[in-house]
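> Sharing a structure here in structure tokens format.
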Amino acid sequence: MDEEQRFGVEHKEQLKKLRANVDVLTMSATPIPRTLEMAVTGIREMSTITTPPEERHPVLTFVGPYEEKQIGAAIRRELLREGQVFYIHNRVDSIDRAAARLREIVPEARVATAHGQMSEQALEQVVVDFWEKKFDVLVSTTIVESGIDISNANTLIVERGDNFGLSQLHQLRGRVGRGRERGYAYFLYPPEKPLTETAHERLATIAQHTEMGAGMYVAMKDLEIRGAGNLLGGEQSGHIAGVGFDLYVRMVGEAVADYRASLDGGAEEEPPLEVKIELPVDAHVPHDYAPGERLRLQAYRAIASANSEEDVRAVREELTDRYGKLPEPVENLLLVAGLRMLARACGSARSSSRARTSASPRWSCASPRSCASSACTRARSSSRPSTRSWSRARRRARSAASRWWAANCSRGPGSS
């Protein structure tokens, strides 16, 4: 199923009912939120194709207010290199007026119109004439969003870009830059009207992600903005009330993992203990080490998901391979990740650095060992393990800590 974002849930379910056992392969540059959320949580398998075609260049994207001078300059620049232009005006009742306005701005350009209310023969003839370079500018609706491959058209101008969804914006941008020439995309909005918060996020996302294969990041942002919809219903977008997106994805992922464990006949695993580390150390990924917010978030996510010494070692090797020698803040971050694993092993939910240099409890009198006051009694009870198993766990954790620090810290475990 190609261009999966153009199908609804009912359509896809009807296709599945054509046979008793159907294997479904869907393809899309920008998956709909419901499908992408199923892939992220593990309900469906997903693979990404990130290798662009040969000699393909990223499309230079501009987002800004509508200006006739800028539109005229963009069209004339494309005409100078004997190229063609897509001009998107998504209202059929005023598309002829938009074409007439372009003829006034650029009198030397040959302008044609195309929209879905034209007859099949007339629409086909217009597209064929444009492909044969009989026209310079094609003013059309979003009917050219997919299925059009004209390598000579390398400039796209979208009027009222604030009214389009992220998937539409990315698909429209894919109409240009399909050959060896550099493609240009202009997403314009009326300067006299303020942008809504959602429209601003969409336009900012499409302007930020211009690299080849950016459809996955655009789709992830679309999932964050619109919500994941209903896994068992017909809604393909929408937010889950009262639950944040990250928490929702984690809850669904845990439920899927438990279900798969039950199918395999294994026992359900208990969720790992949440450990909070508070230390006065500089532990972060510097901006000059991993350029770009997305790359730093990937590094933080990889470090946070490390559950063993092998995972930490793999993250260390990956960061070194991608960005070079680890700076001290990143080294500290990896050491904190190792400390978090040790704290989780001995059952400690929180570890922090206090002003006191001694690990002894704060006593309320001068002879705490023989005092019978309630404060000293609580201090004595809190200063020793409650069970023998807890004592053995602490000894094992200390032994593991010594081995880990000796293997990972050049200064040794006793240094400050």
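> Amide H to amide H under 5 Å from ALA153: which residues, 5+ apart in sequence or cross-chain, H placed 1.01 Å off N in plane?
It is GLN84, by chain and number.
> Quickly work out the LYS134-to-MET212 label distance, labels modelled 7 Å from Cα along the C-beta direction, and quote it in nm with one decimal.
3.5 nm
> Let me ask something else about it. Test of understanding: what is the full-extension gain from ASP288 to LYS12, defined as 0.36 nm times their sequence separation minus their Cα-Cα distance? Walk me through the numbers on the way to the answer.
On the way: separation 276, 0.36 × 276 = 99.36 nm, distance 4.63 nm.
Taking 0.36 nm per residue and subtracting the Cα distance, the gain is 94.7 nm.
> Rounded to whole Å and ordered largest first, report the semi-axes of the equivalent ellipsoid of the stretch 51-153 derived from its Cα gyration tensor (root of 5λ). Before the final figure, lay out each step's value.
On the way: eigenvalues 86, 72, 40 Å².
Semi-axis lengths for the stretch 51-153 are 21, 19, 14 Å.
> What are the ³J(HN,Hα) values, in whole Hz, obtained from phi via the Karplus relation 6.51 cos²θ - 1.76 cosθ + 1.60 with θ = phi - 60°, for each residue of the stretch 146-154 in sequence order, with x given for Gly and Pro?
Going residue by residue, I get 9, x, 10, 10, 10, 5, 7, 8, 10 Hz, with x marking Gly and Pro.
> Now for a different question. Rounded to the nearest 0.05, what FRET efficiency is calculated for ASP96 and GLU197 with R0 set to 35 Å and r the Cβ-Cβ distance? Don't jump to the answer; show the numbers that get you there.
Working: r = 34 Å, r/R0 = 0.96.
The formula returns an efficiency of 0.55 here.
> As an exercise, use a Förster radius of 60 Å and the Cβ-Cβ distance of GLU124 and LYS325 to find the FRET efficiency, rounded to the nearest 0.05. Display every interim value, and only then the final one.
Values: r = 60 Å, r/R0 = 1.00.
FRET efficiency, GLU124 to LYS325: 0.50.
> So between ARG260 and HIS57, what do we pick up on full extension, going 0.36 nm a residue minus the alpha carbon distance?
Numbers: separation 203, 0.36 × 203 = 73.08 nm, distance 4.25 nm.
Extra length available between ARG260 and HIS57 comes to 68.8 nm.
> With each pseudo-label sitting 7 Å past Cα toward Cβ, what's the LEU80-ARG44 distance in nm, one decimal?
Roughly 4.6 nm, to one decimal.
> If packing is taken as the average count of other Cβ atoms within 10 Å, what order do 178-184, 321-327, 101-107 fall into, highest mean first?
Peptide ranking by packing, descending: 178-184, 101-107, 321-327.
> In nanometres, what is the gap between the two model label sites at ARG182 and ARG313, each 7 Å from Cα along Cα-to-Cβ?
It is 4.7 nm.
> Also, I was wondering about something else. Would you please give the FRET efficiency between GLN70 and MET1, computed as 1/(1 + (r/R0)^6) with r the Cβ-Cβ distance and R0 = 41 Å, to the nearest 0.05?
0.60
Coordinate-derived values only; no laboratory data. Nothing here was measured: the structure is a model prediction, and the numbers come from that model. As a convention, Cβ positions derive from the backbone with ideal geometry for all residues, glycine included, and neighbour counts pool all protein chains shown.
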